[in-house]
Structures are given as C-alpha cells and as structure tokens.
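Shown next, in structure tokens, is the structure this report addresses.
The values are calculated or read from the model by the stated rules, or taken from the named source; none is laboratory data. Everything numeric here is computed off the predicted structure, so don't read it as measured data. Cβ placement follows ideal geometry from the backbone for every residue including glycine, while neighbour counts extend to all protein chains displayed. Just the protein is used for accessible areas: all its heavy atoms, side chains included, with ligands, DNA and RNA removed. Shrake-Rupley method; radii C 1.70, N 1.55, O 1.52, S 1.80 Å.
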Amino acid sequence: MRLIPHFPANVTFQVRPKTILLPDRDRHRRRSGSALVGYKPTALHKSTKQRDGMTNYLVSLIVVTATYALFSLGLNLQWGLTGLINFGHVASMTLGAYTTVLLSAQAVPLPVAVFCGALLAALLGVLIGFFTLRLREDYLSIVTIGVSEVIRLVALNEEWLTRGAFGVQNFPLPLAQFRPTLFSRLVMIGILTLIAIWAIGRVVQWLRQRFQKLNGAIDGTLIGVALLGLGGLWVYWIAATSLYRFSDNPARSGLMLISVVLTAIAFWMLERLAHSPWGRILKAIREDEEVAKALGKDVFWYKQQSLMLGNAIAAVAGSLLAWQLTSVYPSTFEPLTTFYAWIIVVLGGAGNNAGTILGAVILWAYFEVTRFLPNLVQALHSAVPLIPPTIDPAREGAVRLMFIGLLLMLLMMLRPQGILGKKEELTLDR
Amino acid sequence: MSESTQTQAEPADFSAARSENRSLLAASGLVKRFGGLVAVDRATIEVAQGSITGLIGPNGAGKTTLFNLLSNFLRPDAGEVLFDGHPIHRLAPHQVAHQGLVRTFQVARVLSRLSVLENMLLATQRQTGEQFWNVWLRAGQIAREERAERDRAMEILHSVGLAEKAHDYAGGLSGGQRKLLEIGRALMTNPKLILLDEPAAGVNPTLINQICDRILQWNQAGMTFLIIEHNMDVVMSLCDRVWVLAEGRNLAVGKPQEIQTNPQVLEAYLGK
Ligand SMILES: Nc1ncnc2c1ncn2[C@@H]1O[C@H](COP(=O)(O)OP(=O)(O)OP(=O)(O)O)[C@@H](O)[C@H]1O
Ligand SMILES: [Mg+2]
C-alpha cells in the first residue's frame, strides 16, 4: 500500500536525500520538452535553472495543496457543518477523476467533463443518502466506506473502461495548449492577485479579531497565523512569477491558476452558504436533528443536499488530481485519501472552512518537511551507530504517517477543537 | 369482564366530551405499542381554539408518547389526528410543524453550538434563504428577512428574559433558561398550537412564575397551548381544561377544579 500520496513525491521528484528540494533533472528536462533542447549548462544557466526548479516545485505544491483543500472542503460541509460521517469521501474523487479523463479523452470539452464528474458524484450522494439517511447515523459511515472501496475495485477490474491497474494516461490537460499574450498573462496575474488580496484581507481581519479577543495579548496561534500570512505572500510571488512565465510550462502554471481559482470559489460559496439560513439548518441538524424536525425543517432533504454538494466538490478535486498526476490509477484512491481529508478537517477545526484550508497547508508542509527524514536518519546514524544508516521507502512512509498520528494526538491534547476551532464550544453540554 | 367493557366504552365517552369552542386539535383512538407494552391505548384528546389545555397523568402514563403521536415523531398504530380540520397523522414531522403545530421536548433540547439568537432564527418557517438557489439568486430579500426576523427574535427573547444571552452559545444556558428558549423558539415559528412537555420541570420557582405569566400573556394574544405538567399549581393556574391519562388511557377530562376532586384521578395518582 502506498502510504504517502503520489505527488509530488513519486511523480515529479524523487525522494533521494540529494534531491529533496531540487527537482530531478532528467524529469525536469523531459517534462519541459522543447524549451530545454540544446540546453548547455553554464554557470548562469545553472542558477536560473535552480531557481526555475524551485518555482516549479512550489507551484506543484500549490496545486496539490489546493486540491486537497478543495477535497476537504467538501468533507467539511458534510461533517463539519452537517455532522454526516462520510468515511468514503474518496469515492467522489475517484468518480470525478475517471469521468473527467475518460470523457475528455473522447474529445468532450474539459469543463463539461468536469461537470459530468461532479454530477455523477452528486448522484452517488443521493443514492447513498436515500438508503442510509433514514437509518441510524452509523449506517452512513459504514456504507460510504464500502461504496468507496467498491468504486475503486470497479475501476481496477473494469478494464474495458478504465484500463484497470494500467491506469489512464494521455488525456487532455487544461490550458496545456494555451500560449497567452502578455495581456492574457497580466489578466491571469490580476485574478491571482485579487484572490491573494482577498485571502490576506481575511487573514488580517482574523488577526485583528483575535488580537481584540485576547485584549492586546499575543499568543502562539496569532503568531503562527501571521507567519503563515507572510508565507502566503511569498507563495503568491512565486505563483505570479510562474504565471508571468506561463509558456515555460503551460500545463503546470495553468493548473495552478485553475486549482487556486476553484478552491477560492468553493471557499467563497461555502462561506456564504454557511452563513445563510440554508447553512443554519445544516448546523441545526448537526447539533440535534430532532429539534430541526420539530421546527419544520426537512432534515432528510437537507442532509441529501449536503451530501450532494460535498461530493460534487470532491469530484472537482478529483479532476484536479488527475490533471496534476497526468495519469490515473485505481491505487490513488485508497481509503487513505479519505483519511487525509479527515486529518485536514480535524487539524483546522471542524466546521471552519478557513481552518480546512489551513489544515491542507499544514498537512502538505508536513509531508514536504518530512522528506528530510532519510537525512535525519543518516545524521542520527553518525551520532548513534545503533541506528541504521538508511531507511527504506516503505518504512519511511510508515514513519511519516506515524508522526501524523502523534501530531494529531498532541493536537487533541493541546487543542482539541482544532487550530482555528473555538475552544468554548467543547465545554458546552448538549 | 366489567373492566374490559368499561375500557371499550371509554373512547366513545371522551369523544363526546366536546368543548363549546371550535376544536383546533382533535385526536381519537390513538394507539401506540412498544413491543408488548401499550403505551397509548385508544386515547382521545381535544384542544379548543384559544385555550390552554392541560394533560396530566402519573409517570409513565404515556403523555410524552401521546405528544410524539400528535406531532408525528412517532407513527400511531391506529387512530387519527385532525388539526385545524385536516388529518395530519400521515404527514412527516416537519410537515406537521408547517401546519402550525409545534412541540417542545420534556428534556429541553437546544442547538448547543449555535447562539441563542441563531436558535431563534432557525425556527422561522418558510424563510427565503432556506432554499439553496435563493442564497444565490435572492440575497437582498434574504438580508431583509433576516433583519426583520432578528428584531422579532429579540422581542421574544426580551419577553422570556434571554435578551442578554442572545449572542451566547445556547449550550451554555441553564436548564430553566433552556426551557425558556425552547418556548421562545416554538413561538418564533408563528404556530397555531404549541405543545409544551413539562415546561416547569427542573425550573426554579421564580422562573416558573415567569414562564406561567408569559404563557398566559401569549394565550391572551391568541395562542393555543397544550401543556403536560406535573406541577399542579401550574396546571390549576393556567389550564381551562385538563385531560387525565393513566396507563395510556383516558381517565377523565374537565375543568381543573373538577379534576382535582375526581376520585378516579386521585386514585390513579395515589393508588388505592
Ligand atoms: N421509545 C420507547 N420504547 C419503548 N418504550 C417506551 C418508549 N417510549 C416510551 N416508552 C414507554 O411507554 C410508557 C409511557 O412513557 P411516556 O414517556 O409517554 O410517559 P410519560 O407520561 O411522559 O411519563 P413522565 O411523566 O415520566 O414523563 C412508559 O412505560 C415508557 O417506558
Ligand atoms: Mg413525559
């Protein structure tokens, strides 16, 4: 079983001590295609190339983080807002990924293909909801687990459709053929800038509120979020640069913009819904569905809507995942992927959309930082010879996951409400 | 033998016991079995428009179960419920609420992690913003409605003495305050009839008086109530008419004073 998600670990970069922050050169050349034909390494070129490598690496990281943020936003709607326990969230991602790539390989326009994937996932939600939502609530969690595995196994075995374990490759990528003029590039940077301003605005607003609540004191969370905001500025700069040099790698820069825009749209939509009377009903269902019923709310239908929308969002995340991997295998959609979404939502604070995005950032930062694990093991070996000098990849993955478990336990002890969650909420009786 | 003929006769007796006013709620022949236990056995109840009707009976008499049948939180095994002239016993619980019949719970249930005000706002029926598409298409109207509802909610919260708590979590309220919030929330739905399950249970005497005052006040404003209550002072001071239930069956019905002196009722409460 693969313990760490494909990407970027297995696709663009290799996990070797020397290439932790530098991309693997061969791959880089192959992927960049003609742009680097006839390239001769000179001192000058080399530094540019390293810089490019860094940019590419971070851009890939933005894509993967945005994908998982989007994926988890869907779960946050279902669980954080509505209280529905979906242990098979990856099922929607599978449907989204396969539908998108299979349809677009048949020359269906990409947006239509993505929409079909989302629709299918929403239908899956209706189907599961129809059979489980009237029963006791644990039925939903059990059935979702089962369904997600069934869908993965169908993808593995129905080779006429999905090519089984061989996977699907060579499908169209969004904006891959796009060769923007300077003007279009500036427009794209403008879009990115608007999103960045909006995001920074929200961070600043949050910081100000927190500062007031603490009566002018400063705590770890405040500093942490402030630093993250600054980090965000740097990431924005990288992203904008990559858009400016769009034609260096259209597919990657394009996907970066698309994933950021889609995540921003989903975030905006969900925030608006959460603060609407519609969202209030979902929260009421989460708190006590008998009360919602007694007050005239059609609990079953609202749960259905929550399942549908959350699944559709996850399906779109599936499309993004397929595009960034440029290949789709059934093994990508193991239950572990659902588990990541749960970690992300719990980390950030259930029911909190901003927290979910923060959770995705933290999880992926963690995955990237722990790529240094082999180095660490080596260093420890030189200090304590008892420790073996190398760690094999399978164990490495296991250790990285184990530490997530540890981190989660620590979080539950120190901050059981999640990073952005409200502590007061935990002290309330039902 | 004689006992069984008596119980056979009972439902007829009580459906004949009509009040002068038009009845808002009329249920007859309601039966609910839990396995072998018959929790509600051919029970009849009637609530006159504009009245405060009491429902009393010893513990385990089936009062709460009867409430659940009236609001359709439980499906009756037999019998029918007419509300405002229409049969409602085949509707889903939320549809019953839409008809204007709203119930509260014996153990007050609040939405803990929502504010007191949000608890109130949820209760409003048929809000524009409850429809998914309206959130996008009719934002202006939703904002207007929210403002108006907020004012109305604050008014009700003032009258139940929870205005200062409006922005606190409902989960932080005391038992008595929760009862008040539940009643306020029920009122917020603009119902025709409110079913209150033991509004005075676990509430301190001062608050009980306050709750009673409010109920009388709202009743004068035209609201109809059906109240389960063990506190006889409350029943005596509030109710126009009292139904007595024992072991799932109707035992008596009448004015509070009549009930108080009814030997059958005393027997049911005190034993022989
Ligand atoms: N869901 C259920 N399943 C099985 N038995 C039940 C259920 N609900 C109630 N009962 C039983 O039905 C009978 C009537 O219960 P109910 O709660 O209606 O009484 P009540 O008159 O409200 O009593 P109290 O005054 O104590 O609230 C009791 O014997 C109770 O144990
Ligand atoms: Mg009861």
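For chain B, a Gaussian network of Cα nodes joined below 10 Å ranks B:Ala26, B:Ala143, B:Ala246 by mean-square fluctuation, and the top entry is B:Ala143.
Apply 1/(1 + (r/R0)^6) to the Cβ-Cβ distance of A:Leu214 and B:Asp168, taking R0 = 30 Å, and write down the FRET efficiency to the nearest 0.05. Mind dumping the intermediate values first?
Working: r = 19 Å, r/R0 = 0.64.
Efficiency, from the Cβ-Cβ distance: 0.95.
Here chain A exposes an accessible surface that is 69 percent carbon and sulfur, computed with a 1.4 Å probe and the other protein chains kept in place. Against chain A, whose longest principal axis comes from its Cα atoms, helix A:277-294 is set at around 40 degrees.
Apply 1/(1 + (r/R0)^6) to the Cβ-Cβ distance of A:Arg272 and B:Asn204, taking R0 = 56 Å, and write down the FRET efficiency to the nearest 0.05. Intermediate results must be reported in sequence, preceding the final value.
Numbers: r = 42 Å, r/R0 = 0.75.
It comes out at approximately 0.85.
Comparing B:Leu111, B:Leu37, B:Leu162 in a Gaussian network model of chain B where C-alpha atoms under 10 Å apart are linked, the largest mean-square fluctuation is found at B:Leu37. Once the Cα-Cα distance is subtracted from the 0.36 nm per residue extended length, the A:Leu410 to A:Thr193 segment shows a gain of 74.5 nm. Against chain A, whose longest principal axis is taken from its Cα atoms, helix A:220-244 shows a tilt of about 50°. Across segment B:53-87, the residues whose backbone nitrogen lies under 16 Å from the label position 7 Å along the beta-carbon direction of B:Leu270 are B:58. Helix A:373-383 sits at what angle to the longest principal axis of chain A, using alpha carbons and giving 0 to 90 degrees rounded to 10? Tilt relative to chain A: about 70 degrees. For the residue pairs A:Lys297/B:Lys179; B:Lys63/B:Lys192; A:Lys213/A:Lys297; A:Lys283/B:Lys63; A:Lys213/B:Lys165, the C-alpha atoms sit more than 26 angstrom apart in A:Lys213/A:Lys297; A:Lys283/B:Lys63. Considering only A:Ala341, A:Ala91, A:Ala264, the Gaussian network model of chain A with Cα springs below 10 Å gives its largest mean-square fluctuation to A:Ala264.
With a 10 Å cut-off around each Cβ of B:123-130, the average count of Cβ atoms from other chains is 5.
Take every Cα pair under 8 Å in segment B:19-141 that's 6+ residues apart, average their separations, divide by the length, and report that relative contact order as a whole percent. Result for segment B:19-141 is 21 percent. Projected label points at A:Leu228 and A:Ser382, each 7 Å from Cα along the beta carbon direction, are separated by 3.5 nanometres.
Using a probe radius of 1.4 Å on heavy atoms only, what accessible surface per residue do you get for segment B:111-172? Whole Å² is fine. Before the final figure, lay out each step's value.
Details: 2980 Å² over 62 residues.
With all protein chains present, segment B:111-172 gives 48 Å² per residue.
The mean sequence distance of close C-alpha pairs (under 8 Å, at least 6 residues apart), as a share of the length of segment A:122-221, puts its relative contact order at 8 percent.
In this structure, A:Trp160 and A:Leu186 have a Cβ-Cβ separation that, at R0 = 60 Å, corresponds to a calculated FRET efficiency of about 0.85. One Cα centroid belongs to segment B:112-133, the other to segment B:163-221; the line between them spans 18 Å. Solvent-accessible area lost on pairing A with B (1.4 Å probe, both sides summed) amounts to about 3100 Å².
Each residue of segment A:211-218 was assigned a 3J(HN,Hα) from its phi angle through the Karplus curve 6.51 cos²θ - 1.76 cosθ + 1.60 (θ = phi - 60°); the sequence is 4, 5, 5, 7, 6, x, 7, 10 Hz, with glycine and proline shown as x.
Relative contact order of chain A: what whole-number percent is it, with Cα pairs under 8 angstrom and at least 6 residues apart? If you can, show how the numbers build up before the last one.
Working: 584 pairs, mean separation 130.8, N = 430.
Relative contact order here is 30 percent.
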